[in-house]
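Below is one structure; the comments refer to it alone.
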Amino acid sequence: MFACPRSWTLASKMLNIYENDAQVQGMKPDEKYELVNDLIAGYVGDDIAILFTELYKLNTKMINVNDVLSGKKPDIDSTMDRSLIYLTIESIIAHLGQKL
C-alpha cells in the first residue's frame, strides 16, 4: 500500500473523529494506541502505521508548548526519552515560526 497524501488526509480526518468520541476518550492508553494503529493501518499500511503510532504515543506525553513559551519550567529528567525532547523542541520552533 502506498501512503499518498490523500490517504494521510483521510486518516487524519478519521483520527480527529475518533479522538473526539467519548467512548475513545475513556479508553486505557494501550487500547487507544491499538485503535489508532489499526485505524491508520487501514489508510497507509501496517509498517507506516506502527511508526505513526509510536510518534502518536510520544505526542501524548509531550511537554506543553504553551507552558514552555509562557516561562513555566518543564519537568525534564535524565530518564526522559530523547525523542520526546526533540519532538517538543520541534513543536516550539514550529509554533514560533507560525507567529512570525
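Where a number appears in this text, it was derived from the coordinates with a stated rule and is not lab data. Since the structure is predicted, the reported quantities are computational estimates derived from the model, not experimental observations. Here the Cβ is made from the backbone with ideal geometry for all residues, glycine too, and neighbour counts use every protein chain on show.
Counting only alpha carbon atoms, the long axis of helix 46-61 and the longest principal axis of the chain meet at about 30°.
The angle between the Cα long axis of helix 82-99 and the main principal axis of the chain comes to about 80°, on a 0 to 90 degree scale.
In this calculation the C-beta distance from Met27 to Leu100 is compared with R0 = 25 Å, giving a FRET efficiency of 0.05. One quarter of the surface of the convex hull around the alpha-carbon atoms of segment 52-98 equals 3.5 nm², the direction-averaged projected area. The lysine pair tally for segment 1-67, using Cα distances under 16 Å and a gap of 8 or more places or different chains, is 4. Restricting the trypsin sites (Lys or Arg not before Pro) of segment 1-38 to loop positions (DSSP other than H, G, I, E, B) with no more than 14 neighbouring Cβ atoms within 10 Å leaves nothing. Find which of Val36, Thr60, Gln98 sits farthest along the positive direction of the dipole of the chain, computed with +1 on the beta-carbon of Lys and Arg, -1 on that of Asp and Glu, about the Cα centre. Result: Gln98.
A convex hull fitted around the alpha carbon atoms of segment 8-81 yields 123 Å³ per residue. Taking the C-alpha atoms only, the angle from helix 5-19 to the longest principal axis of the chain is near 80 degrees.
In this rough spin-label picture, where each label sits 7 Å from Cα along the Cβ direction, the Ala3-Asn64 distance is 3.0 nm.
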